[in-house]
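Peer 1: For reference, the structure I am asking about is given below.
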Amino acid sequence: QVQLVESGGGLVQPGGSLRLSCAASGTSFIFRTSAMGWYRQAPGKQRELVATISMAGDTVYAESVKGRFTISRDNAKNTLFLQMNSLKPEDTAVYYCKKVTPPTVWGQGTQVTVSS
């Protein structure tokens, strides 16, 4: 199977940007044939979809992040990315990488804090 490790989180001011990465340790075949996604969870709240990307590159975004976030993948490097621009305090959460295609796999998450 595959193991996912997120990185790139941190503290940023409102209006700033961050780029999250998710490194997959499995085979290139497993990664490139799987739909992947980013999810986030704020304290005391439900985990929610941020964006997904299919094996063909089709993307879906939560309405709250459309126009600000971009999900992408580099199959040659077994890596998923989330470019986050124009960050708002309400974007503060732990961000998780997910292998959407069964069997489902979750990363451990990376903290993103947007505050002045």
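Peer 1: Using a 7 Å offset from the Cα along the Cα-to-Cβ direction at both THR59 and SER115, what is the distance between the two label points in nm, to one decimal?
Peer 2: Going by the 7 Å Cα→Cβ label model, 2.9 nm.
Peer 1: In addition: Summing -39500 (n - 2.57) over the DSSP H runs of n ≥ 4 in the chain and dividing by its residue number, what mean residue ellipticity at 222 nm do you reach, to the nearest 500 deg cm²/dmol?
Peer 2: Numbers: 1 runs with 5 residues, N = 116.
Result for the chain, helices only: -1000 deg cm²/dmol.
Peer 1: How high is the relative contact order of the chain, in percent, with contacts defined as C-alpha pairs under 8 Å that are six or more residues apart? List each step's numbers first, then the result.
Peer 2: Values: 279 pairs, mean separation 42.4, N = 116.
In percent, rounded to a whole number, it is 37.
Peer 1: Over the range 1-66, what is the relative contact order in percent, taking alpha-carbon pairs closer than 8 angstrom and at least six residues apart?
Peer 2: 23
Peer 1: Can you give the Rg to Rh ratio of the range 57-114, both from alpha-carbon atoms, with Rh computed by the Kirkwood formula? All intermediate terms of the calculation are to be shown ahead of the outcome.
Peer 2: Values: Rg = 12.4 Å, Rh = 12.9 Å.
Expressed as Rg/Rh, it is 0.96.
Peer 1: Now a separate question. Within the range 58-116, list the chymotrypsin sites (Phe, Trp or Tyr not before Pro) lying in a DSSP loop whose Cβ has at most 15 other Cβ atoms in a 10 Å radius. Walk me through the numbers before you get to the answer.
Peer 2: Numbers: sites: TYR61, PHE69, PHE81, TYR95, TYR96, TRP106; in loops: none.
For chymotrypsin sites (Phe, Trp or Tyr not before Pro) across the range 58-116 that sit outside H, G, I, E and B with at most 15 neighbouring Cβ atoms in 10 Å, the list is empty.
Peer 1: With a sphere of radius 14 Å drawn around the Cβ of SER116, what net charge do the other residues whose Cβ falls strictly inside it have (Lys, Arg +1; Asp, Glu -1)? If you can, show how the numbers build up before the last one.
Peer 2: Numbers: positive: LYS88; negative: GLU90, ASP91.
Spelling it out: positives minus negatives among the neighbours equals -1.
Peer 1: Treat each spin label as a single point 7 Å out from the Cα along the C-beta direction, and report the SER7 to ARG47 distance in nm.
Peer 2: 2.2
Peer 1: Could you tell me what percent of the DSSP beta bridges with both partners in the chain are antiparallel, to the nearest 5? Write out the running numbers ahead of the final one.
Peer 2: Details: 35 of 38 bridges.
The antiparallel proportion sits near 90 percent.
Peer 1: Sequence-distant or interchain residues sharing an amide H contact under 5 Å with PHE69, placed H: which?
Peer 2: ASN85
Peer 1: Keeping all protein chains in place and using 1.4 angstrom, which order do LYS99, LYS88 fall into by accessible surface area, from largest down? Walk me through the intermediate numbers first.
Peer 2: Working: LYS99 10, LYS88 85 Å².
Sorted descending by solvent-accessible area, the residues read LYS88, LYS99.
The values are calculated or read from the model by the stated rules, or taken from the named source; none is laboratory data. Note that this is a predicted model, so its numbers are computed, not measured. In this analysis, Cβ positions are derived from the backbone assuming ideal geometry, glycine residues included, and neighbour counts consider all displayed protein chains. Remember, those area values only see protein heavy atoms, side chains included, never the ligands or the DNA or RNA. Shrake-Rupley method; radii C 1.70, N 1.55, O 1.52, S 1.80 Å.
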